[in-house]
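Asks: There's a structure below that I have some questions on.
FYI, it's all coordinate maths here, none of it is from the lab. All figures in this text were calculated on a predicted structure; none of them were measured in a lab. Positions of Cβ are backbone-derived with ideal geometry, glycine not excepted, and every protein chain shown enters the neighbour counts.
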Amino acid sequence: MTPRSESRGSRMFCWICYLAVAALSAVAALRSESAAAAEAKGPPNIVFIFSDDHAYQAIGAYGSAINQTPNLDRIAKEGMLFKNCYVTNSICGPSRAVILTGKYSHLNGFPTNGAFERFDGAQQTFPKLLKAAGYQTAIVGKWHLVSDPTGFDYWHILPGQGAYYNPPMIDNGKQVKHTGYTTEIITDLSLQWLEGRDKTKPFLLMCQHKAPHRSWEPAIKYLNKYDEVTIPEPDTLFDDYSGRGKAEHTQDMTIEKTMTEQDLKLVFPKTLNAEQEKAWHAAYDAENEAFRKANLQGADLVRWKYQRYIKDYLRCIDSVDESVGRVLDYLDKNGLAENTIVVYAADQGFYLGEHGWFDKRWFYEQSVKTPFLVRWPAKIKPGQVSEAMVANLDFPETFLDTAGVSVPGDMQGRSLLPILQGTTPPDWRTTFYYHYYEYPGPHSVRRHYGVIDSRYKLMNFYEPDVAEWEMFDLQADPKELKSVYSDPSYAKERARLEAELARLRAELKVPEQDPPQTLRKPGQKGPGQKGQGPKAKRKAPQA
Ligand code: CA
């Protein structure tokens, strides 16, 4: 029917519909505004959505050139994006221990993912302090700290690294087995807990994904996404490490040499059931056969591996982004959005082919910086971008401060509440200390520490056989390709940074000798392992 042929009756009907919808919308808006106003008076709820190894280079709001993340971007659009969020030690378990305690690795007892680490759950953590202040607390998903979680009313975690498909999990100490895709299962369990919680109390929910950790196993629904496109390569994919030292030349984390057949989906994970495996065969077999026939060599082979890797990585992120959307929708639909702090962060950054690498660990930009987005409509204006130098070390102080709980003096970070509300304090940090310990270990990245300010980075590889300093001018060399440590024109800045490094090490109480957990010999067995439910299979977590 064209508009011209509409009868008078149908036009009138449309007007009545329009007025009715407008009236209902107005009532709904009034109701949600008053509910939100009432709710915003109490302490805020906290939803901490945490992923594993999600590079900021793969988030739309951070300017990704390779994928879209509409739901993550929504947090940034409706809240604050932090451009400079650092981690103190760029690896999975240690980052989690820092976030729980607000203390550097040398003080929280979890410096590496090695065989000797068990997070000491008897120590002070922010979930315990929130729980004592009347919060209901829950953690769902990847925990990765070996001992059982403490300070949570509800914990439902993956043992160790966890599986992408059909994951065994531990539900408050009891082993359970789920069927399906882990990112979706973690989201379902998180929403179920929200729905069944005690609605008279504020809550802390830590929703912690395994994705997009190695070996990047996508959900069936995304297995064919990106099939028709070629993802742009980073321009340092074929880095030869000239201009840098021994540590860069002896690492074992290149796409070229380190990736396994399982990483590349040339063999499939053993956790798939028959139906899932069928879908994987349908998605990968033809490409794998073509790859084997082509017998690629040299740069062509690296390029093929990069495409396979990055597409699977982005497919895993598609599920994480979808999960974020489901959580935001739940908060909206239940009148919780206004006074709930929603945080999205990863445990560290990740290399998406920069320097030829995958993985993390280094004090270089892509691994030391992590995505950090915060939405809290009651206090944060939409669309804010902060350049302040912040860290995972600041997360617990921030959560405690926003909840009105006093921040213990022995935590080493600082509450971000003023920054979230639009004012960076004049005495905010302008330098940051980093320390990585896991050598010997997977990927053979040597121990190092260093300091960064708004322009320069100074780092010390201190093990005797590779002892070497590096310094980078991030303004002149943002891709960190040439150390200027020995360049006399940087002598003044170098001396300033050396003094600042010494000051930070003293202030942060960094011991001269590395923490005892890191000083065992390779192959030496760890202590008896308990926790995470009866008969749980225990092994040292990998990165
Ligand atoms: Ca990680």
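Asks: Give the aspartates and glutamates reachable from Lys174 as a straight Cα distance under 17 Å; neighbours fewer than 8 places away on the same chain don't count.
Replies: Result set, ordered by chain and number: Asp148, Asp153.
Asks: What is the extension gain from Lys177 to Lys479, computed as 0.36 nm multiplied by their sequence separation minus the C-alpha to C-alpha distance, in nm to one decimal? Don't skip to the end; give the middle numbers.
Replies: Details: separation 302, 0.36 × 302 = 108.72 nm, distance 4.41 nm.
Once the chain is fully extended between Lys177 and Lys479, it gains 104.3 nm.
Asks: Restricting to the chain, compute how many DSSP beta bridges are antiparallel as a %, nearest 5. Write out the running numbers ahead of the final one.
Replies: Working: 31 of 59 bridges.
Percentage antiparallel, nearest 5: 55.
Asks: Can you tell me the 0 to 90 degree angle between the C-alpha axis of helix 274-294 and the longest principal axis of the chain, rounded to 10?
Replies: 50
Asks: If the cut-off is 19 Å between C-alpha atoms, which lysines fall inside it for Lys482, apart from same-chain ones fewer than 8 positions away?
Replies: Lys246, Lys457, Lys492
Asks: Here's a follow-up. Starting with the fewest neighbours, write out Glu500, Glu217 ranked by other beta-carbon atoms found within 10 Å of each beta-carbon. Before the final figure, lay out each step's value.
Replies: On the way: Glu500 18, Glu217 27.
Ordered from fewest to most neighbouring Cβ atoms within 10 Å, Glu500, Glu217 come out as Glu500, Glu217.
Asks: Another question, if that's okay. Got a sec? Charge dipole of the chain, +1 on Cβ for Lys and Arg, -1 for Asp and Glu; which of Gly298, Gly114, Val47 is way out at the positive end?
Replies: Val47
Asks: Report the gain in length on full extension from Gln421 to Glu287: 0.36 nm times residue separation, minus Cα-Cα distance, nm rounded to one decimal.
Replies: Values: separation 134, 0.36 × 134 = 48.24 nm, distance 5.04 nm.
Residue separation times 0.36 nm, minus the Cα-Cα distance, leaves 43.2 nm.
Asks: On a 0 to 90° scale, report how tilted helix 8-39 is relative to the longest principal axis of the chain, with both axes built from alpha carbons and the result rounded to the nearest 10.
Replies: Approximately 50 degrees, to the nearest 10.
Asks: Taking the simple approach of a point 7 Å from Cα along Cα-to-Cβ for both Thr430 and Arg503, what is their distance in nm?
Replies: Distance between the two pseudo-spin positions: 0.9 nm.
Asks: Still on this model: Can you tell me the orientation of helix 92-101 relative to the chain, as the angle in degrees between its alpha-carbon axis and the longest Cα principal axis, to the nearest 10?
Replies: The angle comes out at about 70 degrees.
Asks: While we're looking at this one, here's another question. For the chain, calculate the relative contact order in percent as a whole number, restricting contacts to Cα pairs under 8 Å that are 6 or more residues apart.
Replies: Computed value for the chain: 25 percent relative contact order.
Asks: Can you tell me the FRET efficiency between Ser486 and Asn84 if r is taken as the Cβ-Cβ distance and R0 is 25 Å, rounded to the nearest 0.05? Each step should come with its number before you reach the end.
Replies: Values: r = 27 Å, r/R0 = 1.09.
Once rounded, the FRET efficiency stands at 0.35.
Asks: Given that compact globular proteins tend to follow 2.2 N^0.38 Å, what is the ratio of the alpha-carbon Rg of region 478-523 to that value?
Replies: 1.67
Asks: Also, I was wondering about something else. Filter the trypsin sites (Lys or Arg not before Pro) in region 251-318 down to the DSSP loop ones having no more than 12 other Cβ atoms within 10 Å, then list what survives. Before the final figure, lay out each step's value.
Replies: Working: sites: Lys257, Lys265, Lys270, Lys278, Arg292, Lys293, Arg303, Lys305, Arg308, Lys311, Arg315; in loops: Lys257, Lys265, Lys270.
Qualifying residues, ordered by number: Lys257, Lys270.
Asks: Also: When we measure straight from the Cα of Lys83, which lysines land under 16 angstrom away, once same-chain ones fewer than 8 places off are left out?
Replies: In chain and number order, the partners are Lys369.
Asks: If you rank Cys316, Cys85 by fewest surrounding Cβ atoms within 10 Å, what's the result? Don't skip to the end; give the middle numbers.
Replies: Working: Cys316 31, Cys85 25.
Neighbour counts put them in this order, fewest first: Cys85, Cys316.
Asks: Assuming R0 = 51 Å, can you tell me the calculated FRET efficiency for the pair Thr271 and Ala495, based on Cβ-Cβ distance, to the nearest 0.05? Walk me through the intermediate numbers first.
Replies: On the way: r = 54 Å, r/R0 = 1.05.
Rounded to the nearest 0.05, the efficiency is 0.40.
Asks: Another question, then. Would you kindly calculate the translational diffusion coefficient of region 45-518, applying Stokes-Einstein with the Kirkwood radius from alpha carbon pairs, for 20 °C and a viscosity of 1.002 mPa s, and quote it in µm² s⁻¹ without decimals?
Replies: Numbers: Rh = 22.9 Å.
Stokes-Einstein gives a translational diffusion coefficient of 94 µm²/s.
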